[in-house]
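Since the structure comes first, as structure tokens, the remarks are kept for the end.
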Amino acid sequence: MADVEICGVSKTFGKDGGGKNTVHALKDVSLRIPDGSFTTILGPSGCGKSTLLRIIAGLESPSDGTVRIGGKDVTNLPPGKRRISMVFQALALYPHMNVYKNMEFSLKAEGLPKAEIESRIEETARYLEIEDLLERRPDTLSGGQKQRVAIGRAIVRRPEVFLFDEALSNLDEKLKESMRSLLSEMHRSLGRTLIYVTHDQKEALSLSDQVLLMKGGEVQQVASPQVLYEDPVNMFAASFIGSPSINYFSCKELVDILHYTEFGTLRMKASRISESSGDFQSSGLCNSSPARDGAEKTEIETLCAGITAALRPEHFVLSQSETSGGVEAVVDSVSYSGSVVHVAVWSVGVRIVVTLKSAEAPLRGERIWLVPDFSRLMFFDKRTGLRI
Ligand SMILES: Nc1ncnc2c1ncn2[C@@H]1O[C@H](COP(=O)(O)OP(=O)(O)OP(=O)(O)O)[C@@H](O)[C@H]1O
Ligand SMILES: [Mg+2]
């Protein structure tokens, strides 16, 4: 059993006691990484991903909080005693040793018998298809070969937990793809816990069972890729996940441009904001019947001033004419992406990006009509960014 539990971990760098040189790299991070899972730590540069991974590895100690691996408190244990293996972005292969010796090094340090070392290296080299490279030195290898050697060096140790920090970021797209399949395969066949740091959302979504999304040293959301995409808890999560990015609308834009007529929903959302912030008068709102006339529309717009709505690019359908209830838009740009195109349009002063099938790609400057799927709308409290 090697689930990893991170409880209330904070990390502050800098010795000037909260002065301008102090960096709060992690703030009260708690997370449980189930045994055998593939968990990704995702977030923008500087959000604390590597710091968290280094704390799990024991290369850095937390200012506060504890780390448990397999139920055992390892907060004060050195890296070598944690049954973990780490692969870094800068692969840190020993340049003066050949591949065999690179893989052998830590096993020798552990004092394993020669026969055991030999059989482990042989087995791992076969698995990673690097048997022919064992005599070569790292500087004679390609990027992908070095990568496999670094992974091999981690595997031979038979750790309970693998840690990867942006380990694929130096590789070209094609090689990255094949290394990702190798990692997935390796994870399935070894059944070990794998924690993978990346700032690449595509990588996180495609590889993991669970994603930890971070910003500014704080956990934003811990969820499966699908939940993170379909059910983000705040505007940061909604924006960070998804490419092209989700479209945001003020309530006024929602009502004006998209002809949104679910006033009951807007009333309900506005009342939820009022409950949390006290900014709005909500009395009687939820019980009102749907709005019909212009005065009520204006009232709704006032009530909804604190709401931001959002809709993903793929939740629009191209329609043939305005009679279908679509919103009129003029195509600003078209970006080809294989089977789909991402089309940026202007509609009454608002720029919206929609994803359409390549076969129905419009031309730049063309007038089109788009039908939004209102059932997929998300609503956020503009002030706090939280989903409502
Ligand atoms: N040894 C250190 N001394 C001072 N500040 C540090 C140190 N290590 C990290 N930091 C700061 O802590 C914050 C988090 O850094 P960290 O390396 O964990 O970010 P990251 O999410 O891994 O970013 P990236 O995606 O760029 O690798 C940053 O503001 C960084 O400058
Ligand atoms: Mg990093």
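The values are calculated or read from the model by the stated rules, or taken from the named source; none is laboratory data. Quantities reported herein were computed from a predicted structural model and do not represent experimental measurements. Cβ coordinates were reconstructed from backbone atoms using ideal geometry, including for glycine residues, and neighbour counts include every protein chain displayed.
Before moving on, here are some points about what is shown:
- Check on residue 194, within 16 Å of ligand 1 (Cβ to nearest atom), crowded, with 22+ Cβ neighbours inside 10 Å, touching a residue at least 60 places away in the same chain (Cβ under 8 Å) and in the same structural domain as residue 227 (by TED's automatic domain parsing): no
- Residue satisfying condition, being within 21 Å of residue 373 (Cβ to Cβ), outside any strand (DSSP E or B), more than 16 Å from ligand 2 (Cβ to nearest atom) and free of Cβ contacts under 8 Å to residues at least 12 places away in the same chain, within set 245, 239: 239
So that you can scan it fast, the table gives a plain yes or no per residue for (1) farther than 25 Å from residue 44 by Cβ; (2) surrounded by 20 or more Cβ atoms within 10 Å (Cβ to Cβ); (3) touching a strand residue (DSSP E or B) at 6+ places or on another chain (Cβ under 8 Å):
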{"residue": "125", "(1), (2), (3)": "yes, yes, no"}
{"residue": "129", "(1), (2), (3)": "yes, no, no"}
{"residue": "137", "(1), (2), (3)": "yes, no, no"}
{"residue": "152", "(1), (2), (3)": "yes, yes, no"}
{"residue": "177", "(1), (2), (3)": "no, no, no"}
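- Sole exception among (1) without any contact (Cβ under 8 Å) to a residue 60 or more places away in the chain; (2) within 29 Å of the chain's Cα centre (by Cα); (3) closer than 21 Å to residue 166 by Cα; (4) surrounded by 14 or more Cβ atoms within 10 Å (Cβ to Cβ) for residue 92, by number: (4)
- Among the residues of the range 211-244, those that are under 22 Å from residue 37 (Cα atoms) and among the polar types (S, T, N, Q) comprise 220, 221, 224, 226.
- Meets criteria (aliphatic (A, V, I, L, M) and without any contact (Cβ under 8 Å) to a residue 12 or more places away in the chain) for residue 115: yes
- Residue match in the range 12-30 (condition: farther than 16 Å from residue 196 by Cα, in contact (Cβ under 8 Å) with a residue 40 or more places away in the chain and either away from ligand 1 (no atom under 12 Å from the Cβ) or in a helix (DSSP H, G or I) (or both)): yes
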